[in-house]
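See below for the structure under consideration.
The values are calculated or read from the model by the stated rules, or taken from the named source; none is laboratory data. Note that the structure is predicted; figures quoted are calculated from it, not measured. All Cβ positions, even for glycine, are placed from backbone atoms using ideal geometry, and neighbour counts span all protein chains on display. These accessible areas exclude ligands, DNA and RNA; they are computed on the full protein's heavy atoms, side chains included. Shrake-Rupley method; radii C 1.70, N 1.55, O 1.52, S 1.80 Å.
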Amino acid sequence: MLIKKKSENESMFYELAQTYQLPFHTFSLYPPAAKCAAWGALDAAWKESALNLGTSYLHYNYPQLLASDYSDFSITGNRIRYEEKYFARRLALDALVLAECVENKGTFLTDIINGLFCICEESGWQLPPHNTYIRDTPQFPLPDSTRPVLDLFACETGSILAAADYLLGKKLDEVSPFIRKRISHELSLRIFTPYLNEHFWWMGNGNEPMNNWTIWCTQNVLLAAFLVSNDDSLLKNILLKACKSADYFLMEYGEDGCCDEGAFYYRHAGLCLFNVLEILNAVTGGHFSHLYKEPKIRNIASYIMNVHIQDKFYLNFSDCSPVAGRCSAREFLFARRTENENMMCFAARDFMAGMPDTLLMSSENNLYYRLQNAFTLKDIFEFQKNAQTPVSYPDIYYKSAGVFIARDSIYFLGVKAGDNGDSHNHNDTGSFTIYKKGLPLLIDVGVETYTKKTFSPKRYEIWTMQSTYHNLPTINGFMQKDGEAYGAVHITTAFSSCHSEIQMDIAPAYPSESGLKYYVRKVILEKEKEIRITDSFAFTKAGSCLETHSVILNFMTYEKPVLIHKEHTLLFQIGENNLLEISGGEFLKTETIPITDKRLKAAWEHEIYRTMISAVNTTVEIHIS
């Protein structure tokens with residue numbers, strides 16, 4: 001029986017929302033620019049960096065967004081050419097707004113107003129790949145300005161404009177009363193009206209599967225509404241609908257809090273849940289504050305620490321890179337709210353390791369996150385200065401998504417069980433990831449830059465999505481299939497101080513045409529010694545199975561394996577002091593895979609390798625030492 005991922009129908013947020021009595025409190029977690037003393041008290045290095053970055057955008061020529069730029073995605077499938085211009089506008093506006101808040105002399109106002117009007121004049125705030133009203137239907141080549149689509153970045157754009165309005169309101173009014181009037185009009189037309197009167201799939205209905213979109217969009221709609229609106233009736237309706245969506249989002253999570261989309265998407269899922277809670281508590285005087293004690297929410301918070309390997313690397317699966325970004329203020333604040341001092345240590349140290357990039361978050365699109373960072377810096381610095389104990393990482397099995405993690409002072413071992421029905425799925429049931437001394441050894445490649453093909457019926461034509469490019473076998477020429485029906489069964493785990501293991505049968509992850517009866521994979525970490533993997537299999541048809549069947553094991557490595565011995569057992573050296581010993585297999589070939597894609601290059605600095613081994617016995621043993 002496959003793992004049941006969804007939790008039972010429950011209401012944490014909506015029932016609380018119904019019991020809140022108006023009026024709302026003013027949403028003022030962070031001060032506007034008019035509060036000069038608060039901005040003056042910010043970290044000196046942050047203020048200097050913010051001013052320098054803002055100054056670099058003075059007299060900025062905001063990129064022109066043409067109709068042909070928008071329709072490029074429908075014609076060619078390329079989404080990057082439009083997005084680079086689209087996000088450049090928002091990054092410039094963010095930098096200029098924060099610089100003006102710091103300096104408070106009007107130096108940046110002209111460029112800020114230019115940016116606000118550029119964005120207000122866009123025909124659609126939704127990205128071309130999301131320009132549709134019904135989930136998984138073809139995108140329209142151009143936006144309909146009379147019927148806005150609420151996607152991730154339309155909602156985020158609303159929050160950016162609202163944050164700019166909140167921070168600089170009085171200064172904008174001194175230039176013209178029509179600036180904020182225009183912002184208010186666009187937010188009403190493009191965000192609040194469609195939010196309350198249309199149903200977009202990510203809002204949830206209790207039946208459709210949700211993902212990071214649900215809570216990411218909800219967070220930004222709440223920010224847009226509570227930063228600028230004083231209409232309690234409007235705000236109450238938005239709050240009620242947002243709380244329903246928050247409940248639908250939580251239904252996708254098991255009690256263990258595992259994000260089946262991976263570490264990168266935690267930043268758009270778990271951390272957005274955190275900010276939803278922060279907003280709701282700020283405007284209701286703490287009406288939702290006890291939710292921080294809920295086990296599921298506490299587990300969601302700590303997920304990012306548990307999947308951290310070392311330095312910049314994270315356990316990755318699905319559409320997640322092994323380099324999933326450094327911690328920001330949000331991880332630290334979420335840990336503090338859930339009273340997890342161990343995670344506070346992790347977040348603070350990772351933040352410091354990412355300096356100076358983590359200081360300004362200059363590549364972050366969301367203005368509110370950058371504001372949050374600015375006003376949390378001193379707390380992070382102070383905590384880090386006084387933190388003495390090392391971060392403690394647990395061995396853990398996330399049953400809801402089938403993610404197994406074990407480690408010692410030498411090895412990090414991650415194994416993906418579960419099934420192939422995850423959000424942003426790769427067909428990777430049973431694949432393992434191994435790092436030694438914090439460096440990648442046997443890897444999960446990640447995902448290339450998104451194109452039109454990525455989220456289409458042709459998704460599994462992309463090589464990075466295929467099981468044959470994971471540490472998995474290919475059976476009689478068949479790779480694993482996608483969908484919740486294809487997954488592991490008979491999963492068992494065991495943990496002790498010296499030994500951690502997982503065992504599963506991954507045969508159901510392959511189509512029946514593969515002929516598998518069972519394929520049992522057992523992975524063991526003997527702590528401070530070695531990792532052992534044993535694969536045992538049989539086919540449904542009687543007879544000498546390897547005379548009539550083919551089992552090819554694939555191994556993905558960051559360094560090139562060099563075959564140094566091949567009698568009785570295969571012995572490979574991978575990089576320095578890493579040995580991969582395989583018994584029961586015959587070496588076929590090692591192929592070099594160049595890394596040319598921009599997104600993959602962010603993780604892998606050079607080419608990677610796939611080594612193929614043909615099974616010659618019905619049991620294959622792999623030792624890594």
Of every Cα-Cα pair in the range 8-88, the percentage lying beyond 20 Å is 68
On the accessible surface of the chain, probed at 1.4 Å with all protein chains in place, carbon and sulfur together account for a percent value of 52
Ordered by number, the trypsin sites (Lys or Arg not before Pro) in the range 468-572 that occupy a DSSP loop and have at most 10 other Cβ atoms within 10 Å are K541
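Please give the direction-averaged projected area of the C-alpha convex hull for the range 288-329, in square nanometres with one decimal.
Values: hull surface 15.7 nm².
Convex hull of Cα atoms, orientation-averaged projection: 3.9 nm².
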As straight-line cross-link partners of K601, the qualifying lysines (C-alpha separation under 18 Å, not fewer than 8 residues apart within one chain) are K312, K560
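Treat every Asp and Glu Cβ in the chain as -1 and every Lys and Arg Cβ as +1, leave all other atoms uncharged, and give the resulting dipole magnitude about the Cα centre to the nearest 20 debye. List each step's numbers first, then the result.
On the way: 59 positive and 73 negative charges, 96 e Å.
With Lys and Arg at +1 and Asp and Glu at -1, about 460 debye.
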Regression test value, accessible area per residue of the chain, probe 1.4 Å, units Å², expected 39
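Compute the normalised compactness of the range 382-507: alpha-carbon radius of gyration over 2.2 N^0.38 Å, N being the residue count. Numbers along the way, then the final one.
Values: Rg = 17.0 Å, N = 126, 2.2 N^0.38 = 13.8 Å.
The reported ratio for this selection is 1.23.
Quick one, what does Rg over Rh come out to for the chain if you take C-alpha atoms and the Kirkwood Rh? It would help to have the intermediate numbers written out before the result.
Working: Rg = 25.6 Å, Rh = 25.9 Å.
Reported Rg/Rh (Cα atoms, Kirkwood Rh): 0.99.
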Taking only Cα atoms of the range 143-191, the Rg to Rh ratio with Kirkwood Rh works out at 1.03
Phi-derived 3J(HN,Hα) across the range 615-625 with the Karplus relation (6.51, -1.76, 1.60, θ = phi - 60°), rounded Hz, x for Gly and Pro, is 5, 10, 10, 7, 10, 10, 10, 10, 10, 10, 8
For the range 502-511, Karplus-derived ³J(HN,Hα) couplings (6.51, -1.76, 1.60; θ = phi - 60°; whole Hz; x for glycine and proline) come out as 9, 9, 7, 9, 9, 4, x, 6, 9, x
For the chain, the charge dipole (Cβ of Lys, Arg +1; Cβ of Asp, Glu -1; about the Cα centre) points to a positive end, and the Cα of C327, N365, G584 closest to that extreme belongs to N365
Kirkwood Rh over alpha-carbon pairs of the range 533-625 plugged into Stokes-Einstein at 20 °C, 1.002 mPa s gives a D in µm²/s of 147
Rounded to the nearest 10 degrees, the helix 377-386 long axis (Cα) sits at an angle to the longest Cα principal axis of the chain of 50
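Can you work out D for the range 1-158 in µm² s⁻¹ from Stokes-Einstein, where Rh is the Kirkwood radius over C-alpha pairs, the temperature is 37 °C and the viscosity is 0.692 mPa s?
Numbers: Rh = 19.2 Å.
The estimated diffusion coefficient comes to 171 µm²/s.
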For the chain, the charge dipole (Cβ of Lys, Arg +1; Cβ of Asp, Glu -1; about the Cα centre) points to a positive end, and the Cα of A417, G483, N340 closest to that extreme belongs to N340
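At 222 nm, what value in deg cm²/dmol follows for the chain if DSSP H runs of at least 4 each add -39500 (n - 2.57) and the sum is divided by all its residues, to the nearest 500? Before the final figure, lay out each step's value.
Values: 21 runs with 230 residues, N = 625.
Value at 222 nm, helices only, nearest 500: -11000 deg cm²/dmol.
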With T = 4 °C, eta = 1.567 mPa s and Kirkwood Rh from C-alpha pairs, the Stokes-Einstein D of the range 226-269 in µm²/s is about 104
Applied in sequence order to the range 37-48, the curve 6.51 cos²θ - 1.76 cosθ + 1.60 (Karplus, θ = phi - 60°) yields integer Hz couplings, x standing for Gly and Pro, of 5, 5, 6, x, 7, 5, 3, 5, 5, 5, 4, 4
Debye calc, one equal point scatterer per Cα of the range 132-259, no solvent, log10 I(q)/I(0) at q = 0.10, 0.14, 0.22 1/Å comes to -0.35, -0.65, -1.30
Straight-line reach check, K481, cutoff 17 Å on alpha carbons, 8 or more apart in-chain or any other chain, hits among aspartates and glutamates -> D319, D419, D422, D428, E461, D505, E513
Binned at 5 Å from zero, the C-alpha pair distances of the range 460-567 give percents of 2, 10, 17, 20, 19, 16, 11, 4, 0
Given unit charges at Cβ for Lys, Arg (+) and Asp, Glu (-), the dipole magnitude of the range 200-327 about its Cα centre in debye, nearest 20, is 260
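In this model, which of K399/K437; K399/K527; K296/K453; K171/K244; K296/K416; K436/K458 are farther than 29 Å apart at the alpha-carbon?
Details: K399/K437 27 Å; K399/K527 22 Å; K296/K453 34 Å; K171/K244 37 Å; K296/K416 21 Å; K436/K458 35 Å.
Violating the 29 Å limit, Cα to Cα: K296/K453; K171/K244; K436/K458.
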